[in-house]
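I have placed the structure first, in the form of C-alpha cells, so that the comments after it can refer back to it.
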Amino acid sequence: MDDLLNEFLTETGEAIDVVDVELVKLEQDPNNKEVLDNIFRLVHTIKGTCGFLGLPRLESVAHSSENVLGKFRDGELEVSEHAVTVILESLDRIKEILAGLEATEEEPEGDDSELIDRLDTIAEGGEARAKVAEEPDVVDGEIIDPTLGRSLKPGEVSLEELEAAFASAPGPSSDEAGASTDTSTEKNTDASTTTNNGQGSEEPLFDRIGGDDTIAVAAHQIASRLGADLNLKALFESQPQTQRKDRFTGLMIALFKDDFVTAETVANNLVPVQGFGAKDFDALIALVKDVFKGLGAEADTCDEAAMVFEMVRQAAIESSASHAAKTPAKKTAAQNPKAGAAPGIAAPSRATQSIRVNVELLEDLMTMVSELVLTRNQLLQISRTVDSTELAVPLQRLSQCTTELQENVMKTRMQPIGNAWAKLPRIVRDLTVELDKKIELQMLGAETELDRQVLELIKDPLTHMVRNSADHGIEMPAVRLANGKPDEGKIVLNAFHEGGHIIIEIKDDGAGIPVEKLKGKILEKGLASETELEAMSDNQVQKFIFHPGFSTAEKITSVSGRGVGMDVVRSNIEKIGGTIDMNSVEGKGTTFQIKIPLTLAIVAGLIVEATGEKFAIPQISVLELVRASNGVEGAEGDHRIEKIKDTPVLRLRNRLLPLVYMNEILGLKSREEIEAEEHRDDFIVVTQVGAFSFGIVVDQVFDTEEIVVKPVAPILKDLNVYSGNTILGDGSVIMILDPNGIAAVANAGAADHSNEEVEEEDEVAIAQSDDTESVLVFRAGGDNPKAVPLAVVARLEDIEVDTIEETDGRLLVQYRGNLMPIIKADPDMEMKTTGRQPILVFTDREYTMGMAVDEILDIVDEELDIKLASAHDGVVGSAVIAGKASEVIDVSYYLGLAFSDWLGNQQNGSTKSISKGASALLVDDSDFFRNMIRPVLKVAGFEVATVSSAAAALRMQEDGVMFDAIISDIEMPEMNGYEFAKTVKAGGTWSETPLIALSSLATERDIARGHDAGFDDYVAKFDKETLLESLSQLLKLQGDAA
Amino acid sequence: MTDLIVRNDLSVVTTGSQDFVTVLLDGQLLGIPVLAVHDVLNAQVLTKIPLAPSWVSGVLNLRGKIVTAIDLRNRLGLPPRRDDKKSMSVVVEYNGEPYSLQIDKVGEVLSLDDQLFERNPITLDARWRDVSKGIYRLDGQLLAVLDVDKLLAFQNGEAAA
C-alpha cells in the first residue's frame, strides 16, 4: 500500500498545483471551456483515486468541489469570485489532508462539514446565502491580523495585549465537566466556534491551569528545558533564554484564553530558524505537557493544554519554513485565517525531491550511455596506439565523465530490493497459519538497490524460495522443540553489494536438505547411479534439487511441491546472468545464495579466441583461468589435459574438471583436427553454470572489456550458445557466448540425465520471448500429445493405483482428507492396473478434480497459439507445442464432468470464472489508475495492455491489435472517453469489442451519456467487483453470440 | 501519373514507373526497390557466426549498429563466388532489424516503366519464385525484383520449423 499511497500523493500533489493555477485563470476568463474541463478532470481524478484508496474525508471534499465545477461546466452556475474562493479553500483543505496523509499515512482527523456545506450551497445556487455566512469569517481574518502583525514585537507587546484581554475575561466558575466538551470542539478547525465555546459558561482553561503565575513558571521551565532536547535545542539556540521565556508566556496566555489570532501571531515568531517540523512540534507539546504535570495541574487540564497548542502547530511550522524564504510570516496567516490542522509544507519539498520520468526515456538514456561507453572504449583503444599526449588529457577527462554519467544513469534505474520483498511478510504470515508453523521473517538490506529490470525478474524466484523455506525448510514446532531448537523458525533474507554484484541470501534454520532421502529420490528418478552418488559429497547430492522435476516434500502441499520448483528458480536466475548456490546442513538449516549482476545492460566480458575468431564470455560465469599443456608426454607444468576414453578432463586442485573444446562446440574444428594439432599452450576458462563447473578450452585469452550486450538478430535467436553480440573497442563485432548454452551443448552427448539439462536450457532460450507461457504436455489415450496451460494446473501427483476407488461409476481418490473425483483425460485411455497413476490436479474455488493421464511428458514455455479450433468436447483446439501438433484440453469441460454443479455455480457471476488469457485494453490517463487496475485484471486472468490516451489506443487499433474487452476512462485530455467510444463503435476492427466505461462520474446522466456514446457498460471507478463482473458478463455474452 | 491500361492479353496494368537499385548476382540482374535500401557498402569486415545457418555470412558493424549479413548467393541457391573479388552489400531493413545482403556488384539506379513489368513465369525455380515479385523486361536482359520481406521472412519460418 505504501507504494500506492506514495504515487497517489505525488500525482495528486501535482494535480492540485495545476488546479491552483488553472482556477485563477478561470476566474479571469470564466468562459474558457478548455480550462474548466481541465480543472474538472483533475479534481475528478483526485476524487476517484481517493475513493479507491478508501480516503473518505478527502473524497467528500473533492466530491463537493467537483459538484460545483460540474455545474460550472454545464453552464448551470456562473463562475464567480466567491465560488472560486471557496473552491480554492477546498483545495487548501485537500492539501492539508494530503500533508497529514504523507506524515502519518493516515487521513488526519477533522471535520469538513462546514466547508462542504458551503460548497454544496454554491452548487445548489444559493450563493447569496453562502456569501452572508462567509463574510464575517473573511473580514475577521483580514482586519485583525494586519493590526496585530504590524504592531507585534516578539514577546512583550503581545503579552501586554493579553494582559488587557485577561482583565476583561469573564470570571471564574468551576465547571470541570466542560473540559471534555472543550477538548472535542477545540479539535474542530473552525476557530470562531471554539472562541464561542471558550467564552461560554465554563471556566476558561487559563484559570484552570492556574492563571498568570503558573504560566510564568511554566514558561520559565519550558524555556530552560528546551536545551535538554537535542533537536529542540538546535532550533531555539539562537534566542536568549529570557526571550524564549517571554514568547512562551505570551503564547500560552493567548492560547489558554482562546485568543487564537493573537496566539498565531506569536507562534509565527516562535521559531526563528528553519527546520522546525511536525516532529519537533510533537516534542514541544510533550514537553509542555510534562511541565504542567510537574506543576500539579490535573491530567485533563494538561491534555487540554497540549491540545490547545495544536492550534498553532501550523503557524509555528510554517513560519519556521518561511524563514528561509524571508517571507513575512503574517502573510501565510492572513491567507488562512483559521488555525486548522497543518497544511503541507511537505508538498513543495516533495516536488523538489523527485520528478517523474517516463521509463521509456530512461531506457533511451541508458542505451545512449551504453553507446557512449562503447565509443569511449574505442577511443581509448585508439589512443593507446597513437602517441599523443595532447589527446591523452582530454580523453582521460572524457573517460571519467563517461564513467560517472554511466553510473548516474544506472542509478536512475535502481530500485531498492525491498520492493521485491514487499509481499513476503504477508505470504509468510499466511503460510504460518496454513501450515500451523511458527516462522519469523527477518529482512536485512532491503534498501540495497538494483536495476529495475533485474528486480522484476528476481521477484518470482525469491517468492518461490521463501515459500520453499517456509514449507520444506522450517519444521513443525513440535519437531523443532524435540530437536532442541526454539519452536519459532526463522527465515532471514539478506541483500548486499559485493564487487559489482548483488548477493541475496535466503537463510533458514530449518531441517536442511535430507541427503539420504534425496539419494533415494535421485535413484528413483534415475538421475544418477548408485555408484555416482557414492562418489558425491553431501553438498553435490543436495544440489540435485536444482534438477528439473524434483520435489522432495513427502507430502505435496498447496504451497509447494508442484515439481517445477528449484530448477525454474535456477533457470530464471541464470537467465539474467546470475548464479545460485546452496549450502545445507541437515538439522541446521539451509542457505541459498543468489548472485546477480547489478545491471543487465553493461557486463564485463572476457575476450577469448578460437580458430582466429574472437568471442566474449561474460565475466560473471568465469571462475578462473588455467593454462594447460596438452597431450605432450612428460610436459612440465601443473596442469595437463587428460582423457578418459574420449572425454577430456583436467586435474584441478584434486578435482576432475570436465572440459569442452570451444572449437568443437562451435563446429570450427572436429575433435580429430584438434587432437592432431600440437598444443603447447591451451587456455582453459573455468566456468560455472549453476552447480555445474566445467572448463572451456580456447586458443587464446585476451583482456576483459566492458561490453554492452545487444540482442542477436531474430534469425539467430535459435543459437543457444550466444547470448548476444556487441561492438568492441576496435570497432569489430563480437559474439557473446552464453555459458548456459555451452553447458547444454557440452552435455548433449553425455550421460542420460544431462539431457534434461539440455531440455531445460532449451526452455530457457524459448522462455526469453515475451508471449510464451508454460504449457504442460502429457499423453493420454493415443500417441498425440495433449497440452494444458501450466497456470491452471494446481499440482502434479502420482497416486498409487490401489488408492483409487470406484463408486457409482465414478473414480474417486481420497486426497487430503477429501474425496477427489478422477476423470480420464481421454475416454479411450486405460487406467494403470499397478503402480502409480500420474494425475493432474485442477482446482477452481472449492472444486478439486484429478485428471488421469498416461504420462506427463514435459513442461515447455511456448506461445500457445491455437491453430485449429476443435469440434470435440473438452478440446479447445490444436496448437504446435515443442514442434508437435498437440491437443489443448479445455479444463472447464472436465470440471463440468466431475461436478455437475460446477457450471451452474460458475454462471453466478463469480469473478473467477473469466476465462484465462482473455485480453483487455485499459485506457486511462492516470498512471496511478493504470497501475491500480492492471493487477486487478491480471489476477482475474486477463492479459492486460494499458495505454495513457485514447489516441494511443486508436493507434493500437490501426496496428491491428485485438482485445477481448476495452476498458476506458471518461475524463481524459484531448479525446475523452465518450468520443473514444464513438470512434471505436463507428466502425473498424474494434466495433464489436465490448467496451466498458470506468469512471467516477457515475450519475444517471453520465451513465446514459456513456451508453449513448456506445459503451456496453458503465462502472464506477472504485468498484473492482462490479468491473470484473461486468467484464465476465460481457465476455460471456460475446461468447454466446459467436 | 499512374493510369490503368488494358494490354493485348487483357491483363490490366498501371502505368507509371518505379525506381530500383540494380545489383548483380552471378550474372543475373536483380532489382531492389530504392526506398527499401538504407545503405550500399563496399566490402566490410565480417565476424563469422559459427553454428549459424549457412546463408548467414556473419555480422558487421555499421556505424555502431550491428547488422546481420545474408549470403544472397547461398540464399538463392547460387554457387559461391569463385573469383577473389570482395562482395559488396546492400543494407535493407526487415522488422526493424538491419540486414546486409551480400551481392557481387551494385549497378545503377533504374527508373522502370510499369508496362515493362511481368509476373513471374510459373516455371521459375521455386526458391526464386518465393522471393521475386516479378520481372522487368529490359533491353537485352531481364531484371527480377527482389521482395525483401519475403526474402528475410523465409528464414524465420525455416528456423522455427
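The values are calculated or read from the model by the stated rules, or taken from the named source; none is laboratory data. The structure displayed is predicted, hence computed values, not measured ones. Please note: Cβ atoms are built from the backbone with ideal geometry, for glycine as well, and neighbour counts cover all protein chains shown. To get the accessible areas, we keep the full protein, side chains included, count just its heavy atoms, and leave off ligands, DNA and RNA. Shrake-Rupley method; radii C 1.70, N 1.55, O 1.52, S 1.80 Å.
Assorted remarks:
- Odd one out for A:GLY54 among (1) under 35 Å from the mean Cα position of the chain (by Cα); (2) in contact (Cβ under 8 Å) with a residue 12 or more places away in the chain: (2)
- The range B:34-85, subset more than 20 Å from B:PHE20 (Cα to Cα) and among the β-branched types (Val, Ile, Thr), residue farthest from the other protein chains (Cβ to nearest Cβ): B:VAL67
- Those helices (runs of 4 or more DSSP H) of the range A:413-477 in which at least 3 residues are surrounded by fewer than 18 Cβ atoms within 10 Å (Cβ to Cβ), considering only elements entirely within it, cover A:424-435, A:452-468.
- Taking the criterion of being open to solvent by 30 Å² or more (accessible area, probe 1.4 Å) and not β-branched (Val, Ile, Thr), the residues of the range A:78-102 that qualify are A:GLU78, A:GLU81, A:LEU88, A:GLU89, A:ASP92, A:LYS95, A:GLU102.
Yes/no per residue for (1) buried (at least 22 other Cβ atoms within 10 Å of the Cβ); (2) within 11 Å of chain B (Cβ to nearest Cβ); (3) at pLDDT 70 or above:
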{"site": "A:ILE707", "(1), (2), (3)": "yes, no, yes"}
{"site": "A:PRO711", "(1), (2), (3)": "no, yes, yes"}
{"site": "A:PRO714", "(1), (2), (3)": "no, yes, yes"}
{"site": "A:VAL721", "(1), (2), (3)": "yes, yes, yes"}
{"site": "A:ILE727", "(1), (2), (3)": "yes, yes, yes"}
{"site": "A:MET735", "(1), (2), (3)": "yes, yes, yes"}
{"site": "A:ALA744", "(1), (2), (3)": "yes, no, yes"}
{"site": "A:ALA750", "(1), (2), (3)": "no, no, no"}
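- Of note, A:ILE665 satisfies the criterion of being in contact with a helix residue (DSSP H, G or I) (Cβ under 8 Å, 6 or more places away or on another chain) and either open to solvent by 10 Å² or more (accessible area, probe 1.4 Å) or not assigned by TED's automatic domain parsing to the domain that holds A:ASN377 (or both).
- Within the range B:60-97, tally of residues that are touching a residue at least 40 places away in the same chain (Cβ under 8 Å), more than 16 Å from the chain's Cα centre (by Cα) and buried (at least 19 other Cβ atoms within 10 Å of the Cβ): 1
- Listed by first and then second residue, the pairs linking a residue in the range A:716-745 that is closer than 23 Å to B:ASN61 by Cβ to a residue that is basic (Lys, Arg), with Cβ atoms under 7 Å apart and 6 or more places separating them unless they lie on different chains, are A:GLY724/A:LYS710; A:ASN725/A:LYS710; A:THR726/A:LYS710; A:ILE734/A:LYS614.
- Restricting the range A:371-406 to residues that are in a loop (DSSP other than H, G, I, E, B) and not acidic (Asp, Glu) leaves a set whose member that is farthest from the other protein chains (Cβ to nearest Cβ) is A:SER388.
- With a requirement of 2 or more residues that are at pLDDT 85 or above, in contact with a strand residue (DSSP E or B) (Cβ under 8 Å, 6 or more places away or on another chain) and open to solvent by 20 Å² or more (accessible area, probe 1.4 Å), the strands (runs of 3 or more DSSP E) lying completely within the range B:1-59 that satisfy it span B:17-25, B:28-33, B:37-41.
- For the range B:98-114, filtered to residues that are surrounded by 15 or more Cβ atoms within 10 Å (Cβ to Cβ) and more than 14 Å from chain A (Cβ to nearest Cβ), the residue that is farthest from A:ALA713 (Cα to Cα) is B:ASP114.
- Some residue of the range A:835-850 being part of a strand (DSSP E or B), at pLDDT below 75, farther than 17 Å from A:LEU790 by Cβ and not charged (D, E, K, R): yes
- With respect to being outside the structural domain of A:SER968 (by TED's automatic domain parsing), in a loop (DSSP other than H, G, I, E, B) and more than 30 Å from the chain's Cα centre (by Cα), A:GLU107 falls outside the description.
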